[in-house]
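Here is the structure we will look at, set down as C-alpha cells.
The values are calculated or read from the model by the stated rules, or taken from the named source; none is laboratory data. Every value quoted in this text rests on a predicted model; they were computed, and no experiment measured them. Quick reminder, even Gly has a Cβ in these numbers, built from the backbone with ideal geometry, and neighbours come from all protein chains shown.
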Amino acid sequence: MSALDVKSQNQTDYQCINRLEPSEDHPQGFKMVVVIPAYNEARFIGSTVLKALDFTNCVLVVDDGSDDETARIAKAAGATVVRHECNLGKGAALNSGLRECRQLGAQYVVTLDADGQHLPEEMLAVDEYKWDHQFDVNTKGAFFLSQAIAQHMIKRGIEGNIINIASFAAQMPSYESGVYAASKAALVSLTKSMAAEWAKFGINVNCISPGVFPSPMTEGNIVFHRDKTLAPIANAEFGDPFLIAKLVDFLITGRTYITGANIPIDGGKFLIQDQEKAHGSSDSLQFHSSESGTVH
C-alpha cells in the first residue's frame, strides 16, 4: 500500500482554491508533486514556488490558516493552493497535502519548507553513492559491529547489552533528510530483530534515538534557526550529551529487562502538534487542589 493511500481517522477539512486537473499532457496525473506547508510565509513563498517549478509541473502549497497574503502569492506564482480555515500545525498541513496529492494522481511526493532555507534544486541531488554511504555508516556498519560483538559474547558465554544509536528522524523525518531518516529507521527495525534472535543467549539489544543535541550536524539550525528548532520541543531546550551517556550507563548496567526497545531522548520533541502553543499556553491543562486535598 502506498503512503498516499493511507487514510487518517481524523482527517482535516480543507478548501482547494485552484486544483490542477489531469489533462491531455498528464492524463494519469502528475509524476512528482512538491508539497509546501506554509503559515504566514508571504515573504518567501513566491520565490520558493517559482524555484520548485523549475523541477516539477505541480507545486502544492498548504496554507495553514495564514492571516497574511501567503495563499494569494502562492497561487500567483503558479502553485495549487489548499487552505485550512485556522492554524492546525505542520502535521495537519502535511496530511492535507498528501490527501490532495492523491486527488492529483501523484506518483512521487517531495516536501519543502516554505521559508526558503531549503534549496529546491537539491530535491533531485541524491545519487546512489550518497544513498549507499548513509546506509553503510548508519545501518550496515552498526549491524555488522553488533554481529561481531554478539558472536564474541555467545562464544564465551557472556551475557550483556548491545546499544545502537538511531535518531528521532527514524520516526519523524526532517526536510532534506530522507535517506538519513530511512537508514536510522532501518537500524531501529534491525535492533528489534537482533533483540528477538539473541535474547536466548542473554543478550539485550536496544536503541537510543536522540533529539536535537549540540553537534556539527545540528550547529547550523541551533545558531541560525534557534527559535524554529526549539518550537516543537516540549522542554524548550536542547539536549545535554551527558544525558545520553547516563541513559547508556543505565542500559548496560546488568540485566535491565529491557530489550528490543527504541528509547527516545528528545525533550518531548513533536509531542505537541500546534507549535505556536507548545510553550506557556494559557489554555493548557490545569491541575488544581480542592479543599479536601484531592488533585483533579
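Tabulated results
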quantity	calculated
Some residue of the stretch 196-206 being modelled with pLDDT of 95 or more, part of a helix (DSSP H, G or I), farther than 22 Å from residue 90 by Cβ and among the small types (Gly, Ala, Ser)	yes
Residue in the stretch 130-139 that is at pLDDT below 80 and surrounded by fewer than 16 Cβ atoms within 10 Å (Cβ to Cβ) present	yes
Enumeration of residues in the stretch 249-267 that are touching a strand residue (DSSP E or B) at 6+ places or on another chain (Cβ under 7 Å), surrounded by fewer than 17 Cβ atoms within 10 Å (Cβ to Cβ) and part of a helix (DSSP H, G or I)	252
Residue that is surrounded by the most Cβ atoms within 10 Å (Cβ to Cβ), among those in the stretch 165-186 that are over 22 Å from residue 113 (Cβ atoms) and under 16 Å from the mean Cα position of the chain (by Cα)	166
Count of residues meeting criterion [crowded, with 17+ Cβ neighbours inside 10 Å, closer than 17 Å to residue 101 by Cα and polar (S, T, N, Q)] in the stretch 55-75	1
Selection within the stretch 223-246 - under 15 Å from residue 115 (Cα atoms) and in a helix (DSSP H, G or I)	224, 226, 227, 228, 229
Pick from the stretch 71-101, criterion without any contact (Cβ under 8 Å) to a residue 40 or more places away in the chain and assigned to a helix (DSSP H, G or I), ranking: nearest to residue 37 (Cα to Cα)	74
Residue pairs meeting the criteria (Cβ under 6 Å; at least 6 apart or on separate chains; first within 23 Å of residue 257 (Cβ to Cβ), in the stretch 143-161; second assigned to a loop (DSSP other than H, G, I, E, B))	159/202
Matching residues in the stretch 31-60 - criterion: being of a type in the set (S, T, N, Q), farther than 23 Å from residue 105 by Cα and not in a loop (DSSP other than H, G, I, E, B)	47
